[in-house]
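The values are calculated or read from the model by the stated rules, or taken from the named source; none is laboratory data. Fair warning: this is a prediction, and the values are worked out from it, not measured in the lab. A quick note on method: Cβ atoms are made from the backbone with ideal geometry, for glycine too, and the neighbour counts reach across all protein chains shown.
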Amino acid sequence: MLQGLKIDRTTSGILANRLAEKNEEGKTTTIIPNPPKDPEAKPLANPQIEKQREDKAKLATFKNDFNQFTRDITLGRWIKVKEYLASLPSGDATLAFRQMVTQLNAPVTVRPRKELTSLGAKQHQQQQYLRPEEFLALTDASQKAPDNSVLPQLASLIKGERKPPRDFFVTLAKGTRYFGLGDEETRTRTARLLIEAGHLEEAITFLPSLRVAKEKKNHAALNLIGRYYAESYSADRDDEHLENAWQISLGIISEKKAPLNERAEALYRALSLVPDLEDGTGSNWLTQTFSNASAQGFEILATVGTMASQVREHRSPDFRLVQLKLQTAAVAALTSNEKIDLKPWQEILTLYVRNWNAEAERSYRLDNSNSMRPQAQVDAYGNLFYSRYKPPTQQSSSRTIPAIPSGDLLRTRPSEQWLTQVDSAVRLENIILSAKLFLKVKEEEKAFPILKKLAKIKPEESKELVREMIRVWAENNNPNQKSRYRSSYSYYYGYNQRAETIPLTRSKQERNLKLLGNMVLEVKALGLDENFQEEFADAFIRAHSQAEVWRIEALTSVFGETSKLDAGTITSLLRRMRQNLALLWPNPKLQEQAKTNRKDKELIAQIFKGYAAAKNLCLDALDQHPDDWALKLQLASIKYEESNYKAGLASHPEHSTTKGLALEDLASATSDYISKLPLEDEDEESTEAFTTWFYAALGSPDLAALKTEHQPIQAEFAKIKAALESIPESCRQRHFDEFANTLNSRLANVKADLKYRFLEAALQITGKHQRIEEAARVFEYYQDLVTEIELDVHLDGPDQIDANKPFGLFVNLRHTKEIERESGGFQRYLINQNNSPYSYNYGRPTEDYRDKFEKGARSVLEEHFEILSLTFHNSKVASRTDAQDGWTVTPYAYFLLKPKGPEIDAVPPLKIDLDFLDTSGYVVLPIASAAIPIDASGDTPPRPYRDLSLAMILDQRETEKEASVTLEIRASGHGLVPAIGELIKLPIEGFKITSTDDRELQVDELDARTDDGAPISTHEWRLVLESKSENLPQNFTFPEVLANLSAKDDEGLSLQKYEDVDLVKVEQTTPIKGGSSKSPPYLLLLALLVPVIFSFAYFLFFKKSEEIVIPNGPELPATLTPVSLLAFLEGLHRDTQLSKEARGKIQKSIKSLKDRSFGPGTDVPKIDELREIAEGLVKPRQQAG
């Protein structure tokens, strides 16, 4: 738990802990007291259980204390932190303190909350926040004084930009628990901390006395002083500092009784200072020291070698790397001086290489890094920087020694001059390991010179490394891999957005092929008895851009004449080439990503050139290898796939013939393979011929290119089975096993909507073979599914249909209750999931189910039917019980169709794709309905309907102007509303119909509340009626209703007519305004005088109570009606003083008022809305004066 300590002292981390603590203040922990012990009670029968309970309680207590400890660190409660560490055992306390310091040095990843992420906040890293005074409190909290292993980490907390203010150093000088000017050990510890942090000026005060250190032969203190002078020289280039560092280092080196690690540190520092020494001081010292192998030099180098050897099992890779660097530095100094004879040193130089080899072998096995180059990275502020690759923390057991990263180790690799002085066996081991490590970090250019040497000594071992080198080259030179050259961070000043369209992969591809051709020649020159054609073929493939079709010229530029290539290499190239032709090169998205800017015609032309090149290459190879069955197999597959491609572009009349011939060629190639059986080497047996033939019978020789529209050839499956059975008995079972195993393993790669077809065909060949047993169980599951689900499509009404009238078609999903429960219902098929932001499809990709079904259904129906409408049920529709026990029905959709002629005699089968989870992901099963016979050639009974409502509205407002009336008829009900001739009796008494506006039958919604899920439809007509005589009749009699109307309240028949803009209910016969009836003259005169008399009396005796007057504007009508307001607005509109904008607004209001008040769908404004319209439009007149 201590090793898993996580600290977050960012702003958000500190505030979050404060808030959490605040929320916990009011909460109390309920303590359940232990029950009183019975003195006479017997002890528990099982002490082990009691011990487990005690351990569990202790663990819970420890977790609570640990969580509080973590919070105390975050909130800076260092006294409590100190108390907690003091309570731990010594080893645990040291581990906890080290983990604290490590965490405080590590940046924290800040993950914004979801609501902030939606506003643009992004995940980033922040540094831990630690005040200088808190640093001192932190160090005081340690149970014991920090040692040299933790001081560098402590120093990082006050290093560079984190340098504390001057007050910090004053406090430090006064003394803290472990730092200050106290005893010599405390001073040394403080000086080391400040030197590690780079605060050299402040470290002077705390440095040990040089004189005292020499007198006491305190080599650790001397090394610290020497380090101070060396780093001071690096900072200010002061020669005095250089001389002091040099002399102190030599003094420690010369002390034979000094500890090995102290002498090694002094030697490493001395060797690093040699290049800066003037007047030959450094080179003279090297000559004197190493000129005689029996002198001090031997002792120094032996000390270094002993250190490197003895620390091999040290768990710190960095510590072991330092020893190897010291070795390398010592040897570099030794070999750089030409005056030194190296022969006496050969033994020690060989032992040094053995040390390096031991680490190299471990790194090759355990290191997981794959690069030694600086990697482009982006910091928390978006700045680009480069740093050496740091592999992820290696998870290893406590017994496994972590490896030194390969790149770091290779930087200490023995030089060529060094290796010439080493024993041959050790040198050979070093050469092999160096080559392996260079290939491990993908540096094939550095590995190749080593392999050239190795090929002369160890040709067999070199072959495997050459294969690896070719593979690494192909990976490094793959133009399809994402790389930094397109990163937006790589462009700064002068960046041009058009640079994004530069097709970099094309030029890189040409360069790659040239490099590959050179490599082929260089590998050939190695003299190994192998051509590596298969590896080079793979490199050739990977060196191409995925968007570029291969050219034969490119092939010959790398390999030379193709006739010299072996059949296996050409087969490998052809196999990949046809896969690319079928899958990659025609892909428009891939072309777009590669910025090829090819138009469709150009791309199609390129594909056909690719197929032609592939066929020519295969034919040329067959001239050289006429009996090679694999080449014949590739040629047949190429022809088949080219025909598929043509058929996908347009109608291809020769497609069936070409497929048939290609299948015959595949059968012939398979027969050729069988004729060669049995083979001497079982490893050379292959089922490729059988599987390719099988995939072709399904629709495409490449399974990945198989599509739903590709039709299987059922007759081929029996032929494939017969071919397998014709294999010689000695190897027949192995081929059957491998064939079945291949099909079983490929199931996961089959597209979801093709799995059923794939398994149905496979099991026809293999039967219940044990190698395909798992897939057979999956197929049985598919079969169970299709027997428990039906697509129920049936007519709405009888199968006798009028070819001139629409009819309805129900589409429902009929299924068992069990399958509905296990699949979670079928309502998702009523949703277009990609249009919904919160769709989830339970492990399957989201799908627009409604659109998918509609597209498929329309393609089937539109050939023979006019599709008037398609209406889906609501996605919340519930299933209903079916007549068959155990089955239910989920209502789905309703088609409104019209036959395209009386000759149509059937509704074709419809299909819906349902998806289900299976062991290999998910499967899409097509569920089809049966064809429905219909008769559209003769007389037909009426379509079913019920709950019919009928409204007839008489419009007589234009009678005087048009000498006609209008009758609006609106019918609605469950089922399909019958035609007008079946609704009412025509013609209408006294009138003739001069025009009919038929607004078509509409299905408004599907009523899932009813047992049959009947549609609710509406149909409207508008009839213009003129009198059969010269004058309009006095009265209008609504026509007789022929249909059966609903008897429910608010349904049935409704008769109305317009009175101005109002609709009023009327009887069967109603007067017509403006009719030809003659009234006595005195009645007419009286009718005219009555309103005049009443108006005069009103204005005489009553005051106007609601006269509307707009200041400085025209007076509104006293009585506001749509008619009076229209007259008022038209008068305003004629005023030329108004602005064009104001007159435009008035014109829009006039049009809107007419449409709402006198249009077909009336929505007459109320008095308050009329007043609001009027007052709003008078303001422009006021503004105009």
Quiz prompt | Test result for Gln128, in contact (Cβ under 8 Å) with a residue 60 or more places away in the chain and in a helix (DSSP H, G or I) | solution = no
Quiz prompt | Index of the failed condition, Glu989 passing every other in (1) surrounded by fewer than 18 Cβ atoms within 10 Å (Cβ to Cβ); (2) under 16 Å from Arg1022 (Cβ atoms); (3) among the acidic types (Asp, Glu) | solution = (2)
Practice problem: Kindly check whether there is at least one residue in the stretch 166-184 that is closer than 23 Å to Ala245 by Cβ and surrounded by fewer than 18 Cβ atoms within 10 Å (Cβ to Cβ). | Solution: yes
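Taking the conditions exactly as written (of a type in the set (Asp, Glu), modelled with pLDDT under 80 and outside any loop (DSSP other than H, G, I, E, B)), does Glu1141 satisfy them or not?
Values: of a type in the set (Asp, Glu): yes; modelled with pLDDT under 80: yes; outside any loop (DSSP other than H, G, I, E, B): yes.
Criteria met by Glu1141.
From the residues in the stretch 48-72 that are in contact with a helix residue (DSSP H, G or I) (Cβ under 6 Å, 6 or more places away or on another chain) and not basic (Lys, Arg), which one is surrounded by the most Cβ atoms within 10 Å (Cβ to Cβ)? Reasoning before the result, please.
Applying the first criterion (in contact with a helix residue (DSSP H, G or I) (Cβ under 6 Å, 6 or more places away or on another chain)) to the stretch 48-72 yields 69, 71-72.
Now narrow it down to the ones that are not basic (Lys, Arg): 69, 72.
Details: Phe69: 22, Asp72: 19.
Looking at residues that are in contact with a helix residue (DSSP H, G or I) (Cβ under 6 Å, 6 or more places away or on another chain) and not basic (Lys, Arg), I get Phe69.
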Quiz prompt | Among (1) among the β-branched types (Val, Ile, Thr); (2) closer than 26 Å to Asp1007 by Cα; (3) over 60 Å from the mean Cα position of the chain (by Cα) - the single one Ile969 does not satisfy | solution = (3)
Quiz item: Are any of the residues in the stretch 554-574 among the acidic types (Asp, Glu), out of contact with any strand residue (DSSP E or B) (no Cβ under 9 Å at 6 or more places or on another chain) and in a helix (DSSP H, G or I)?
Solution: no
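Quick test for you: out of Thr190, Thr205, pick the one residue that is within 29 Å of Val150 (Cα to Cα), loosely packed, with under 15 Cβ neighbours inside 10 Å and among the hydroxyl-bearing types (Ser, Thr, Tyr).
Working: Thr190 fails: loosely packed, with under 15 Cβ neighbours inside 10 Å.
Exactly one residue qualifies, and that residue is Thr205.
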Exercise. Exactly one condition in (1) at pLDDT 90 or above; (2) surrounded by fewer than 20 Cβ atoms within 10 Å (Cβ to Cβ); (3) in a loop (DSSP other than H, G, I, E, B) is not met by Ser949; state its number.
Key: (3)
Quiz item: Would you pick out the residues in the stretch 621-644 that are more than 17 Å from Ser572 (Cβ to Cβ) and surrounded by fewer than 18 Cβ atoms within 10 Å (Cβ to Cβ)?
Solution: Asp623, Pro626, Asp627
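Got a number for residues in the stretch 762-781 being touching a strand residue (DSSP E or B) at 6+ places or on another chain (Cβ under 6 Å) and surrounded by fewer than 18 Cβ atoms within 10 Å (Cβ to Cβ)?
So in the stretch 762-781, the residues touching a strand residue (DSSP E or B) at 6+ places or on another chain (Cβ under 6 Å) come out as 778.
If we keep only those that are surrounded by fewer than 18 Cβ atoms within 10 Å (Cβ to Cβ) as well, we get none.
So the answer is 0.
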Quiz item: How many residues, within the stretch 66-78, are touching a residue at least 40 places away in the same chain (Cβ under 8 Å) and in a helix (DSSP H, G or I)?
Solution: 6
Quiz prompt | Residues satisfying the stated conditions in the stretch 1038-1061, i.e. modelled with pLDDT of 90 or more and charged (D, E, K, R) | solution = Glu1040, Lys1057
Quiz item: Taking the stretch 139-154 as the region of interest, how many residues are under 44 Å from the mean Cα position of the chain (by Cα) and crowded, with 18+ Cβ neighbours inside 10 Å?
Solution: 2
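In the stretch 545-556, how many residues are crowded, with 16+ Cβ neighbours inside 10 Å and either of a type in the set (Ser, Thr, Tyr) or farther than 14 Å from Gly517 by Cβ (or both)? Walk me through it before giving the result.
Here is the first cut: in the stretch 545-556, the residues crowded, with 16+ Cβ neighbours inside 10 Å are 545-550, 554-555.
So of that shortlist, the ones also either of a type in the set (Ser, Thr, Tyr) or farther than 14 Å from Gly517 by Cβ (or both) come out as 545-550.
Final tally of qualifying residues: 6.
Taking the conditions exactly as written (over 38 Å from the mean Cα position of the chain (by Cα) and closer than 30 Å to Phe895 by Cα), does Val793 satisfy them or not? Let's see the steps before the verdict.
On the way: over 38 Å from the mean Cα position of the chain (by Cα): yes; closer than 30 Å to Phe895 by Cα: yes.
For Val793, the condition - over 38 Å from the mean Cα position of the chain (by Cα) and closer than 30 Å to Phe895 by Cα - is met.
Could you tell me whether any residue of the stretch 1026-1037 is at pLDDT below 95, within 30 Å of Ile867 (Cβ to Cβ) and not β-branched (Val, Ile, Thr)?
Initial filter on the stretch 1026-1037 (at pLDDT below 95): 1026-1037.
Now narrow it down to the ones that are within 30 Å of Ile867 (Cβ to Cβ): none.
The answer is no, given that none of the residues of the stretch 1026-1037 is at pLDDT below 95, within 30 Å of Ile867 (Cβ to Cβ) and not β-branched (Val, Ile, Thr).
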Quiz item: For Asp997, are the conditions met, namely being exposed (fewer than 15 other Cβ atoms within 10 Å of the Cβ) and either among the charged types (D, E, K, R) or within 30 Å of Glu774 (Cβ to Cβ) (or both)?
Solution: yes
Quiz item: For Ala332, all conditions in the list (1) surrounded by fewer than 17 Cβ atoms within 10 Å (Cβ to Cβ); (2) of a type in the set (A, V, I, L, M, F, W, C); (3) not in a helix (DSSP H, G or I) hold save one; what is the number of the exception?
Solution: (3)
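Restricting attention to helices (runs of 4 or more DSSP H) lying wholly within the stretch 210-255, give those where 3 or more residues are in contact (Cβ under 8 Å) with a residue 40 or more places away in the chain, within 20 Å of Thr303 (Cβ to Cβ) and not acidic (Asp, Glu). Give the steps one after another, and end with the answer.
Numbers: elements: 210-215, 219-236, 239-254.
Result: 219-236.
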Quiz item: Of all residues in the stretch 902-920 being touching a Lys or Arg at 6+ places or on another chain (Cβ under 8 Å) and surrounded by 14 or more Cβ atoms within 10 Å (Cβ to Cβ), which is nearest to Leu795 (Cα to Cα)?
Solution: Asp913
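Scanning for something over 22 Å from Glu773 (Cα atoms), of a type outside the set (Val, Ile, Thr) and either modelled with pLDDT under 95 or not in a loop (DSSP other than H, G, I, E, B) (or both), does the stretch 744-756 turn up at least one residue? Give the steps one after another, and end with the answer.
Applying the first criterion (over 22 Å from Glu773 (Cα atoms)) to the stretch 744-756 yields none.
Among the residues of the stretch 744-756, not one is over 22 Å from Glu773 (Cα atoms), of a type outside the set (Val, Ile, Thr) and either modelled with pLDDT under 95 or not in a loop (DSSP other than H, G, I, E, B) (or both), which makes the answer no.
Return the residues of the stretch 921-946 that are part of a strand (DSSP E or B), among the hydrophobic types (A, V, I, L, M, F, W, C) and closer than 25 Å to Asp799 by Cβ; say none if nothing qualifies. Show your work before the answer.
Residues of the stretch 921-946 part of a strand (DSSP E or B): 921-928, 932-933, 935, 945-946.
Now narrow it down to the ones that are among the hydrophobic types (A, V, I, L, M, F, W, C): 923-925, 927-928, 932.
Passing the criteria: Ile927, Ala928, Ile932.
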Practice problem: State whether the residues of the stretch 518-532 include one that is farther than 30 Å from Lys599 by Cα and under 34 Å from the mean Cα position of the chain (by Cα). | Solution: no
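Among the residues of the stretch 610-659, how many are part of a loop (DSSP other than H, G, I, E, B), within 26 Å of Pro712 (Cβ to Cβ) and more than 38 Å from the chain's Cα centre (by Cα)? It would help to see each step written out before you state the result.
Pass one, the stretch 610-659, residues part of a loop (DSSP other than H, G, I, E, B): 625-628, 650-654.
Now drop any that are not within 26 Å of Pro712 (Cβ to Cβ), which leaves 650-654.
Among the residues that remain, those that are also more than 38 Å from the chain's Cα centre (by Cα) are: 653-654.
Matching residues across the stretch 610-659 total 2.
Here is a list: Ala235, Ala264, Ala258, Ala230. Which entry is of a type in the set (Gly, Ala, Ser) and touching a Ser or Thr at 6+ places or on another chain (Cβ under 7 Å)?
Values: Ala235 fails: touching a Ser or Thr at 6+ places or on another chain (Cβ under 7 Å); Ala258 fails: touching a Ser or Thr at 6+ places or on another chain (Cβ under 7 Å); Ala230 fails: touching a Ser or Thr at 6+ places or on another chain (Cβ under 7 Å).
Exactly one of Ala235, Ala264, Ala258, Ala230 is of a type in the set (Gly, Ala, Ser) and touching a Ser or Thr at 6+ places or on another chain (Cβ under 7 Å), namely Ala264.
Residues checked against (1) without any contact (Cβ under 8 Å) to a residue 24 or more places away in the chain; (2) within 19 Å of Ala776 (Cβ to Cβ); (3) buried (at least 16 other Cβ atoms within 10 Å of the Cβ):
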site	(1), (2), (3)
Ala718	no, yes, no
Ala723	no, no, yes
Ile727	no, no, yes
Arg734	no, no, no
Asn741	no, yes, yes
Asn744	no, yes, yes
Exercise. Give the number of residues within the stretch 1017-1072 that are within 60 Å of the chain's Cα centre (by Cα), surrounded by fewer than 14 Cβ atoms within 10 Å (Cβ to Cβ) and under 26 Å from Glu1000 (Cα atoms).
Key: 4
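Quick check: is even one residue across the stretch 88-106 under 21 Å from Glu21 (Cβ atoms) and buried (at least 19 other Cβ atoms within 10 Å of the Cβ)?
Step one: filter the stretch 88-106 for residues under 21 Å from Glu21 (Cβ atoms), giving 100, 103-104.
Filter once more, keeping what is buried (at least 19 other Cβ atoms within 10 Å of the Cβ): 100, 104.
Scanning the stretch 88-106 turns up at least one residue that is under 21 Å from Glu21 (Cβ atoms) and buried (at least 19 other Cβ atoms within 10 Å of the Cβ).
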Practice problem: Just need a number here: residues in the stretch 256-268 that are part of a helix (DSSP H, G or I) and surrounded by fewer than 21 Cβ atoms within 10 Å (Cβ to Cβ). | Solution: 4
